[in-house]
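Inspection log for the structure reproduced underneath, given as structure tokens.
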Amino acid sequence: MEQTLSIIKPDAVKKGVIGKIIDRFESNNLRIAAIKKIQLTQCDAQSFYAIHKDRPFFKDLVEFMISGPVVVMVLEGQNAVAKNRELMGATNPKEAATGTIRADFADSIDANAVHGSDSLENAKNEIAFFFGTREIC
Ligand code: CMP
């Protein structure tokens with residue numbers, strides 16, 4: 001069993017597709033082990049995406065991520081990291097395979113509906129960023 005972090009980003013929350021996105025996970029054997037809807041601060045977004053701090057899109061990414069509430073979740077299942085990334089589709093929705101979350105709900109590479117951890121090691125760090133041990137069950 002693996003755990004991974006998923007974020008439903010402000011664009012998808014505003015569109016009212018939280019339930020539709022969660023259904024993709026639950027229908028594909030990814031259990032919601034923890035979930036909360038929160039408003040990120042600028043510091044939260046800067047720290048969470050610190051790995052991208054030197055990239056040209058960093059400022060826009062931070063502004064976008066604090067533009068409204070997000071839903072953060074711990075997904076649990078076999079090969080959860082890879083499974084979640086497969087369900088999300090490519091970062092750029094224009095390149096995302098048909099039937100993926102980003103193909104169906106995302107508008108642009110910035111407003112791309114969801115985030116998912118890209119490795120097991122990053123998943124552990126990202127989960128610890130948002131959740132205490134007692135919140136995950
Ligand atoms: P995410 O998986 O949340 O990780 C970093 C985010 O930066 C990414 O999704 C995109 O929404 C955003 N982003 C904007 N431009 C780029 C880019 N050129 N390459 C990668 N990510 C980008």
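Each reported figure results from applying straightforward, stated rules to the coordinates on display, with no laboratory input. Quick caveat: nothing in here was measured; it's all calculated off a predicted structure. Cβ placement follows ideal geometry from the backbone for every residue including glycine, while neighbour counts extend to all protein chains displayed.
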Legend entry - Within the stretch 93-108, considering residues that are closer than 22 Å to Gln78 by Cβ and small (Gly, Ala, Ser), the one nearest to the ligand (Cβ to nearest atom): Ala97
Legend entry - Candidate set: the stretch 72-96, residues that are of a type in the set (Val, Ile, Thr) and touching a Ser or Thr at 6+ places or on another chain (Cβ under 8 Å); chosen: the one farthest from Ser27 (Cα to Cα): Val72
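Being touching a residue at least 40 places away in the same chain (Cβ under 8 Å) and either over 20 Å from Gln39 (Cα atoms) or not small (Gly, Ala, Ser) (or both) narrows it down to one of Phe58, Phe105, so name that one.
The conditions single out Phe105.
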Inset, instruction - Quick one: count up the residues across the stretch 126-135 that are touching a residue at least 40 places away in the same chain (Cβ under 8 Å) and loosely packed, with under 15 Cβ neighbours inside 10 Å. - result: 2
Inset, instruction - Could you please give the count of residues in the stretch 8-65 that are part of a helix (DSSP H, G or I), surrounded by fewer than 16 Cβ atoms within 10 Å (Cβ to Cβ) and of a type in the set (S, T, N, Q)? - result: 3
Inset, instruction - Might you check whether a residue that is among the acidic types (Asp, Glu), in contact (Cβ under 8 Å) with a residue 24 or more places away in the chain and touching a helix residue (DSSP H, G or I) at 6+ places or on another chain (Cβ under 6 Å) occurs anywhere in the stretch 2-17? - result: yes
Inset, instruction - Would you point out which residue out of Ala111, Ala90, Ala123 is within 14 Å of the ligand (Cβ to nearest atom), in a loop (DSSP other than H, G, I, E, B) and either of a type in the set (Phe, Trp, Tyr) or in contact (Cβ under 8 Å) with a residue 40 or more places away in the chain (or both)? - result: Ala111
Inset, instruction - Might you check whether a residue that is out of contact with any helix residue (DSSP H, G or I) (no Cβ under 8 Å at 6 or more places or on another chain), hydrophobic (A, V, I, L, M, F, W, C) and within 20 Å of Gly132 (Cα to Cα) occurs anywhere in the stretch 44-58? - result: no
